[in-house]
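To start, the structure itself, in structure tokens.
The values are calculated or read from the model by the stated rules, or taken from the named source; none is laboratory data. These numbers come from a predicted model, not from an experiment. Backbone-built Cβ (ideal geometry, glycine too); neighbour counts: all protein chains shown. Areas reflect the complete protein model, heavy atoms only, side chains present, ligands, DNA and RNA absent. Shrake-Rupley method; radii C 1.70, N 1.55, O 1.52, S 1.80 Å.
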Amino acid sequence: MTRAAVLGSPIAHSLSPHLHRAAYEALGLYDWQYEAFECDEAGLPGLLGGLGP
């Protein structure tokens, strides 16, 4: 699985996940995943450390 994301704070307004997911589906990239993570600068190390491979 290929994973991509938008990170930021605030992030709830972002249309990025909807746009990317639609594009992945249109391109047949069914094993791709796109997420939005609410994260500020202080929380970035913990977020990245918890993502796994």
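For every residue, the table says whether it meets (1) open to solvent by 60 Å² or more (accessible area, probe 1.4 Å); (2) not polar (S, T, N, Q).
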{"site": "M1", "(1), (2)": "yes, yes"}
{"site": "A12", "(1), (2)": "yes, yes"}
{"site": "S16", "(1), (2)": "no, no"}
{"site": "H20", "(1), (2)": "yes, yes"}
{"site": "A23", "(1), (2)": "no, yes"}
{"site": "A26", "(1), (2)": "yes, yes"}
{"site": "W32", "(1), (2)": "yes, yes"}
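Give the number of residues within region 25-53 that are among the hydroxyl-bearing types (S, T, Y) and under 13 Å from the mean Cα position of the chain (by Cα).
1
What are the pairs, 6+ residues apart or on separate chains, where a residue within region 31-53 that is outside any strand (DSSP E or B) has its Cβ under 6 Å from a residue that is open to solvent by 90 Å² or more (accessible area, probe 1.4 Å)?
D31/M1
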